[in-house]
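The values are calculated or read from the model by the stated rules, or taken from the named source; none is laboratory data. In this text the structure is predicted, and so the values were computed from the model without any measurement. Here Cβ is always computed from backbone atoms with ideal geometry, including for glycine, and neighbour counts include all displayed protein chains. All accessible areas refer to the heavy atoms of the entire protein, side chains included, with ligands and DNA or RNA removed. Shrake-Rupley method; radii C 1.70, N 1.55, O 1.52, S 1.80 Å.
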Amino acid sequence: PIDYENMPTDLDVSSELPRAVLLQVRAGGPRLNSLQPSEISVLLNLGDVREPGERTFTIQQSQIDRPAGVQVVRAVPAQVRLRFEKHLTVPVPVVVRLGSNPPPGYRVVSTEVRPPRLAISGPESHVRAVATVDTDPVDLSAVIKQARFRVPAFIRDSQVHFEAASPIVQVIVQ
């Protein structure tokens, strides 16, 4: 695997983060036969990144953690290019999704979500592209007056995350 350390607090990676690299290794016969992929990892230090933009990191021997007696011949890919953007946190509206209708003879009079906006964070361009977040569907099949539900909210962009993501939805039916 590739592990990343010292991520700048005011920046986020907006490109895909490679999670693995193929390492060609040499070792003595018995050691090579018993070697597990989890015993070798690459550690990329992002501490020198100070501003937004693209940065290329060359995988070097000193960044590869491996057992004694194991030599790394090459890494594929030998370099990783990451794009960094400013970190942004903004509130966005929550859209309630109703998953089923109330029982026959009842209709939804109102829905309310608290909080009405949730804070999302991530790379600036990704965060700015999110207009709303939505809840999981709310099951109204047994609601005959009013009910409250704590439901997860969802962001479609995996680069963006919530500061808190479980709003309470109140539904009134008649």
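Taking the range 1-81 and the strands (runs of 3 or more DSSP E) fully enclosed by it, the elements with 1 or more residues that are surrounded by 10 or more Cβ atoms within 10 Å (Cβ to Cβ) and polar (S, T, N, Q) are at 22-26, 41-45, 53-58, 71-76.
Scanning the range 93-133 for residues that are under 30 Å from D10 (Cβ atoms) and open to solvent by less than 20 Å² (accessible area, probe 1.4 Å) yields a count of 8.
Please determine whether any residue of the range 39-46 is under 15 Å from D3 (Cβ atoms), among the charged types (D, E, K, R), out of contact with any strand residue (DSSP E or B) (no Cβ under 8 Å at 6 or more places or on another chain) and free of Cβ contacts under 8 Å to residues at least 60 places away in the same chain.
Yes - at least one qualifying residue is present in the range 39-46.
Could you list, in sequence order, all residues of the range 137-159 that are of a type in the set (D, E) and open to solvent by 60 Å² or more (accessible area, probe 1.4 Å)?
Scanning the range 137-159 gives a single hit, D139.
Of the residues making up the range 125-170, just one is among the basic types (K, R) and under 16 Å from P91 (Cβ atoms), namely R128. When every residue of the range 96-118 is checked against the conditions, at least one turns out to be in a strand (DSSP E or B), within 29 Å of V169 (Cα to Cα), under 19 Å from the mean Cα position of the chain (by Cα) and of a type outside the set (K, R). F84 meets the conditions (1) surrounded by 14 or more Cβ atoms within 10 Å (Cβ to Cβ); (2) modelled with pLDDT under 95 in every case but one. The failed one is (2).
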